[in-house]
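The values are calculated or read from the model by the stated rules, or taken from the named source; none is laboratory data. Everything numeric in this text was worked out from a predicted model, so none of it was measured. Counting neighbours? That spans all protein chains shown, and the Cβs are built from the backbone with ideal geometry, glycine included.
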Amino acid sequence: MMRAWIPPILFTLSGSAVAAELIRQGNPWGAAAVLVVFALPAGVNSPLIFPKSVGAAEAQRRSAADGRPVVFWRPGCTYCIRLRMRLGRNARRLHWVDIWRDPEGAAVVRAANEGNETVPTVVVAGRPHVNPDPAWVRAQLSSSA
């Protein structure tokens, strides 16, 4: 679980160090700007912007029941962030599996990607799709409703 927080913590610590140096030099406005610049990627890379993850088995069970896609992702992945942002509110209707928190989910992704943990991997009706276009995922979500 801690592994997911490493990128945001590093962004926060780095920004704080640079801001502290700017404050020491007498530039509080520059320090504030640096904190904002480092806080944005920290927030985007944190697990907080993604809907609550479930285990792979639970996600697959839910998907079988309601027909909604399952998204396998990991924190810090720019393609996962792009998918999440482009889906907007619709992202909450998908079943999200964090492969860093769920070894079974990581195994599903490796099986679909020739041993690689390539994310996002979206599973629709049992078929994996690697890094699909967000518009296509939105269409799959519409057709399952």
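Checking the condition touching a residue at least 12 places away in the same chain (Cβ under 8 Å) and either in a helix (DSSP H, G or I) or among the charged types (D, E, K, R) (or both), which residue from ALA33, ALA42, ALA64 passes?
Values: ALA33 fails: touching a residue at least 12 places away in the same chain (Cβ under 8 Å); ALA64 fails: touching a residue at least 12 places away in the same chain (Cβ under 8 Å).
So the residue among ALA33, ALA42, ALA64 that is touching a residue at least 12 places away in the same chain (Cβ under 8 Å) and either in a helix (DSSP H, G or I) or among the charged types (D, E, K, R) (or both) is ALA42.
Of all the residues that make up region 119-133, how many are on the phi > 0 side of the Ramachandran plot and touching a residue at least 12 places away in the same chain (Cβ under 8 Å)?
We begin by selecting, within region 119-133, every residue on the phi > 0 side of the Ramachandran plot; these are 125-126, 131.
Narrowing the set further to residues that are touching a residue at least 12 places away in the same chain (Cβ under 8 Å) leaves 125, 131.
Number satisfying all stated conditions: 2.
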Task: Subset of region 92-143 [under 14 Å from the mean Cα position of the chain (by Cα) and of a type in the set (D, E, K, R)] - done: ARG92, ASP98, ARG101, ASP102, GLU117
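Of all residues in region 93-137, which are of a type in the set (Phe, Trp, Tyr) and either surrounded by 17 or more Cβ atoms within 10 Å (Cβ to Cβ) or within 20 Å of PRO75 (Cβ to Cβ) (or both)? Give the derivation first.
Within region 93-137, the first condition is being of a type in the set (Phe, Trp, Tyr), and the residues that meet it are 96, 100, 136.
Scanning region 93-137 gives TRP96, TRP100.
So, GLY76, is that one surrounded by 14 or more Cβ atoms within 10 Å (Cβ to Cβ) and over 25 Å from PRO41 (Cα atoms) or not?
Working: surrounded by 14 or more Cβ atoms within 10 Å (Cβ to Cβ): yes; over 25 Å from PRO41 (Cα atoms): no.
Spelling it out, it is not the case that GLY76 is surrounded by 14 or more Cβ atoms within 10 Å (Cβ to Cβ) and over 25 Å from PRO41 (Cα atoms).
Going by the structure shown, is VAL71 modelled with pLDDT of 95 or more, under 20 Å from ARG138 (Cα atoms), touching a helix residue (DSSP H, G or I) at 6+ places or on another chain (Cβ under 9 Å) and buried (at least 20 other Cβ atoms within 10 Å of the Cβ)? Step through it out loud before you land on a result.
Numbers: modelled with pLDDT of 95 or more: yes; under 20 Å from ARG138 (Cα atoms): yes; touching a helix residue (DSSP H, G or I) at 6+ places or on another chain (Cβ under 9 Å): yes; buried (at least 20 other Cβ atoms within 10 Å of the Cβ): yes.
In short, yes.
Could you please find all residues in region 72-84 being in contact (Cβ under 8 Å) with a residue 12 or more places away in the chain and over 14 Å from GLU117 (Cβ atoms)?
Taking region 72-84 as the starting set, the residues that turn out to be in contact (Cβ under 8 Å) with a residue 12 or more places away in the chain are 72-77, 79-84.
Answer for region 72-84, where residues must be in contact (Cβ under 8 Å) with a residue 12 or more places away in the chain and over 14 Å from GLU117 (Cβ atoms): ILE81, ARG82, LEU83, ARG84.
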